[in-house]
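Values quoted throughout were computed directly from the atomic coordinates according to the rules given, and no laboratory measurement underlies them. Treat the numbers as computed from the prediction; the structure is a model and nothing was measured. No Cβ is skipped: glycine too gets one built from the backbone with ideal geometry, and neighbour counts run over all protein chains shown.
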Amino acid sequence: MICALCGGKLKEGKTEFIFRVKEEIVVIKNVPALICERCGESYVTPDVSKRIDKIMESYHEGKCTVKRISACEISL
Ligand SMILES: [Zn+2]
């Protein structure tokens with residue numbers, strides 16, 4: 001498989017997804033993905049993206065075990 005953006009090679013690896021929910025930042029880490037060796041774009045399978053949706057659902061329902069990390073916001 002090759003990258004749709006730059007044509008680089010894709011390699012199996014892990015990535016992170018970052019969502020913003022109102023005033024909170026949610027990071028989902030250890031997401032298995034294919035990552036472009038050249039530009040770093042990551043591609044997840046439909047199965048993985050379903051799992052991410054499920055996690056976000058349970059996050060909204062307050063059912064997730066979360067680790068609190070700090071975030072900050074700066075305007076340019
Ligand atoms: Zn690429």
Under unit Cβ charges (Lys, Arg +1; Asp, Glu -1), what dipole magnitude, rounded to 20 debye, does the chain have relative to its Cα centre?
200
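So how many Å³ per residue does the convex hull of the Cα atoms of the chain work out to?
124
Per DSSP H run of at least 4 residues, take -39500 (n - 2.57); add these up for the chain, divide by its residues and hand me the 222 nm value, nearest 500 deg cm²/dmol.
Computed ellipticity for the chain at 222 nm equals -6500 deg cm²/dmol.
Using a Förster radius of 22 Å, what is the FRET efficiency between Glu57 and Lys14 based on their Cβ-Cβ separation? Nearest 0.05, please.
For Glu57 and Lys14, the calculated efficiency is 0.50.
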Relative contact order of the chain (C-alpha contacts under 8 Å, at least 6 apart) in percent is 23
Enter the angle in degrees (range 0 to 90, nearest 10) between the Cα long axis of helix 46-60 and the first principal axis of the Cα atoms of the chain, meaning the one along which they spread out most.
10
